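Taking it in order: structure first as structure tokens, then the write-up.
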Amino acid sequence: MNALPSGSLARSPGEPLNVLWLQSGGCGGCSMSLLCADTPDLPGTWRDAGIRLLWHPSLSLETGVDVITLMEDVLADRLRLDVLCIEGALLRGPNGTGRFHMLAGTGLPMIDWVQRLSAKAHLVAAVGSCAAWGGITAGGDNPTEACGLQHEDEHPGGLLGESFRTPGRPGTRAEWPVINIAGCPTHPGWVLDTLMALAADALTPADLDALGRPRFYADQLVHHGCTRNEYYEFKASAEQPSDLGCMMEHMGCKGTQAHADCNTRLWNGEGSCTRGGYACISCTEPGFQAPGHAFHATPKIAGIPIGLPTDMPKAWYVALASLSKSATPKRVKHNATADHVVVPPAIRRTRLK
């Protein structure tokens, strides 16, 4: 499917970026996350960035026939749609009919509306891992036949198909896949930065990684900036919840593999999963919802974690882990299995003389 919007509705320089946000099969958590954006005036931030929100199910006053009319105006080329944002998985069940999720007042499945509006949008964005890959909604036996916009977990396809592309800004000749702003929930900063960059024509398809995620956050690892990094360096590991040590070896943490900047772009200005004592479950990655093991436990073979840090050969990890453990300072070793600092750092002169 090669979606090309009407050229007669091209966005002129200086015009705001028209954004339509729809919710499909999900919990709405990505919208709740958006409300935690680091700004006291979200509508003002969008307005100043040149973003015009056509409609959002939780943030807009219009409902019922007004919303249906708005979407029909898009389909009839009476209203320009620059970015279609979809939150939540696309429910194709039962048996591909989509009737598990009907859009109220229209008599049509939500997936029909998404397909038709995607064909009119200059860009399509999946907000959150449900819309990107299927996410939690597609977990287990997946009786609702949930999928992402352009992926089913890591497999290309989804509702719109592997070949789906949009042209972005008319005249640039750039073809865009679905922009996957993945995360469960997605960080409000990832959404805002993506939309603001699009409004400023400062994002290109080359700024997306191989899974369609904006590289400004997907080229980072959760491990970067983790406050437990000293424990990681010495393989001083937490053994139970509330321990201060590294959670990779025993507690299921995938921060060394998960693509996200959660520990350098904090949540609500000060937090992250690992800083709150929770292992990273790699929620930005396809298929995170079904890792094949308990989220709080690290699967191992012969005592060696299966999920090793990205880019590290297993032999190197084993050698370095053994050396690190043998060199672990007593302070780090004791604190790793405590819920507070029991051994403070020694006071030493740090001057050269």
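The values are calculated or read from the model by the stated rules, or taken from the named source; none is laboratory data. Computed from a prediction, not measured in an experiment: that's the story for all the values here. Positions of Cβ are backbone-derived with ideal geometry, glycine not excepted, and every protein chain shown enters the neighbour counts. Just the protein is used for accessible areas: all its heavy atoms, side chains included, with ligands, DNA and RNA removed. Shrake-Rupley method; radii C 1.70, N 1.55, O 1.52, S 1.80 Å.
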Could you work out what % of the accessible surface of the stretch 177-316 is carbon and sulfur, using a 1.4 angstrom probe and leaving DNA, RNA and ligands out of the count? 58
Which ³J(HN,Hα) values in Hz, rounded to whole numbers, follow from the phi angles of the stretch 324-331 under the Karplus curve 6.51 cos²θ - 1.76 cosθ + 1.60, where θ = phi - 60° and Gly and Pro get x? 5, 5, 6, 9, 5, x, 4, 4
Can you work out the FRET efficiency for the pair Arg99 and Val65, with r the C-beta to C-beta distance and R0 = 22 Å, to the nearest 0.05? 0.50
Solitary cysteines of the chain, where the nearest other Cys Cβ is not under 4.7 Å: Cys27, Cys30, Cys36, Cys85, Cys130, Cys147, Cys226, Cys246, Cys253, Cys262, Cys273, Cys280
Taking the Cα atoms of the chain alone, what are Rg (to one decimal) and Dmax (as a whole number) in Å? 22.8, 80
Which whole-Hz couplings ³J(HN,Hα) result when phi for each residue of the stretch 252-261 is put into the Karplus expression 6.51 cos²θ - 1.76 cosθ + 1.60, θ = phi - 60°, listed in order with x for Gly and Pro? x, 5, 10, x, 7, 10, 7, 7, 4, 10
Quick one: accessible area per residue over the stretch 192-289, 1.4 Å probe, rounded to a whole number of Å²? 41
How high is the relative contact order of the stretch 258-324, in percent, counting Cα pairs under 8 Å that sit 6 or more residues apart? 20
Quick one: Karplus J couplings for the stretch 268-275, per residue in order, coefficients 6.51, -1.76, 1.60, θ = phi - 60°, nearest Hz, x for Gly and Pro? 6, x, 8, x, 7, 4, 5, 5
How big is the dipole moment of the chain about its Cα centre under a simple scheme where the beta carbon of each Lys and Arg is +1, that of each Asp and Glu is -1, and everything else is neutral? Debye, nearest 20, please. 1400
Calculated [θ] (222 nm, deg cm²/dmol) that DSSP helices of n ≥ 4 give over the chain, each run adding -39,500 (n - 2.57): -6000 deg cm²/dmol
Rounded to the nearest 0.05, FRET efficiency between Thr227 and Glu162 (Cβ-Cβ, R0 45 Å) equals 0.70
Report the extension gain between His155 and Ile347 in nm, rounded to one decimal, defined as 0.36 nm multiplied by the number of residues separating them, less their alpha carbon distance. 63.8 nm
Amide H to amide H under 5 Å from His151: which residues, 5+ apart in sequence or cross-chain, H placed 1.01 Å off N in plane? Gly157, Gly158, Leu159
If we restrict to alpha carbons, what Rg and Dmax does the stretch 163-322 come to, in Å? 17.7, 57
Full-stretch length increase - Ala290, Asp38 - with 0.36 nm per residue and alpha-carbon distance subtracted: 87.6 nm
Percent carbon-and-sulfur accessible area, the stretch 7-154, ignoring ligands, DNA and RNA, probe 1.4 Å: 53
Quick query: amide H of Gly168 versus all other amide H atoms, modeled in the peptide plane; which residues come in under 5 Å with a sequence gap of 5 or more or a different chain? Trp176
Row for the stretch 136-232, column shape: gyration tensor on C-alpha, a ≥ b ≥ c, rounded if a/c < 1.5 i.e. under 1.5, prolate if a/b over b/c, else oblate; value oblate
At a probe radius of 1.4 Å, what is the per-residue accessible area of Cys27, in Å² to the nearest 10? 130
Of all DSSP beta bridges with both partners in the chain, the antiparallel percent, nearest 5, is 40
Per residue, in Å², the accessible surface of the stretch 61-157 once ligands and nucleic acids are set aside, probe 1.4 Å: 39
So how much slack lies between Thr264 and Arg215, counting 0.36 nm per residue of separation and subtracting their Cα-Cα distance, in nm? 16.2 nm
Taking H as built 1.01 Å from N, whose amide H comes closer than 5 Å to the amide H of Asn18, not counting residues under 5 places away? Arg52, Asp82, Val83
Under 10 Å, Cα contacts only: if you run a Gaussian network model on the chain, which one of Met247, Met102, Met110 comes out with the highest mean-square fluctuation? Met102
Candidates Glu62, Glu87, Glu175; GNM for the chain (alpha-carbon contacts under 10 Å) flags as most fluctuating Glu62
Ignoring ligands and nucleic acids, Asp38 exposes an accessible area, probe 1.4 Å, in Å² to the nearest 10, of 150
